[in-house]
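This report refers to the structure that appears directly beneath it.
The values are calculated or read from the model by the stated rules, or taken from the named source; none is laboratory data. Owing to the predicted nature of the structure, the values given are computational and were not obtained by experimental measurement. All Cβ positions, glycine included, derive from the backbone under ideal geometry; neighbour counts span all protein chains shown. These area figures cover heavy atoms from the full protein model, side chains too; ligands, DNA and RNA do not enter into them. Shrake-Rupley method; radii C 1.70, N 1.55, O 1.52, S 1.80 Å.
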Amino acid sequence: QVQLVESGGGLVQAGGSLRLSCVASGSIDSIKIMGWYRQAPGKQREPVASITSSGATSYENDVKGRFIISRDITENTLYLQMNSLKPEDTAVYYCYAYQLSFGTSWGQGTQVTVSS
């Protein structure tokens, strides 16, 4: 299984940027997909972006052109560069990793707050 630890959240003004990081440890060689979800207060958790083991990326419509997902294989780290942040991006952001054998593993989440 995989253990995931996120960091990089915080408070930023609208229009600003943040970069989230997610360090993976454990059985990382079998990870097929990694990505980010977010959950705003009173709302369901929703997908944000993902990247496959071959490097293919996918984004939800409301973050396309603003967020960039990437990974550093040598550092076992997943990133989410968030630009042009809006108050509606405020949420707890969760990193996840999907493996065929173990299913989905989740990080503990990191809070992102965007002030208007």
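Okay, here's what the table says:
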read-out	value
First in region 103-116 and without any contact (Cβ under 8 Å) to a residue 40 or more places away in the chain, second anywhere and assigned to a loop (DSSP other than H, G, I, E, B) and open to solvent by 70 Å² or more (accessible area, probe 1.4 Å), Cβ under 6 Å, 6 or more apart	none
Members of region 37-52 that are open to solvent by 70 Å² or more (accessible area, probe 1.4 Å) and either touching a strand residue (DSSP E or B) at 6+ places or on another chain (Cβ under 6 Å) or under 16 Å from Tyr94 (Cβ atoms) (or both)	Pro41, Lys43, Gln44, Arg45, Glu46
Verdict on Ser7 being open to solvent by less than 80 Å² (accessible area, probe 1.4 Å) and free of Cβ contacts under 8 Å to residues at least 40 places away in the same chain	no
Qualifying residues in region 63-103 (those that are among the acidic types (Asp, Glu) and modelled with pLDDT of 95 or more) - the one most open to solvent (accessible area, probe 1.4 Å)	Glu88
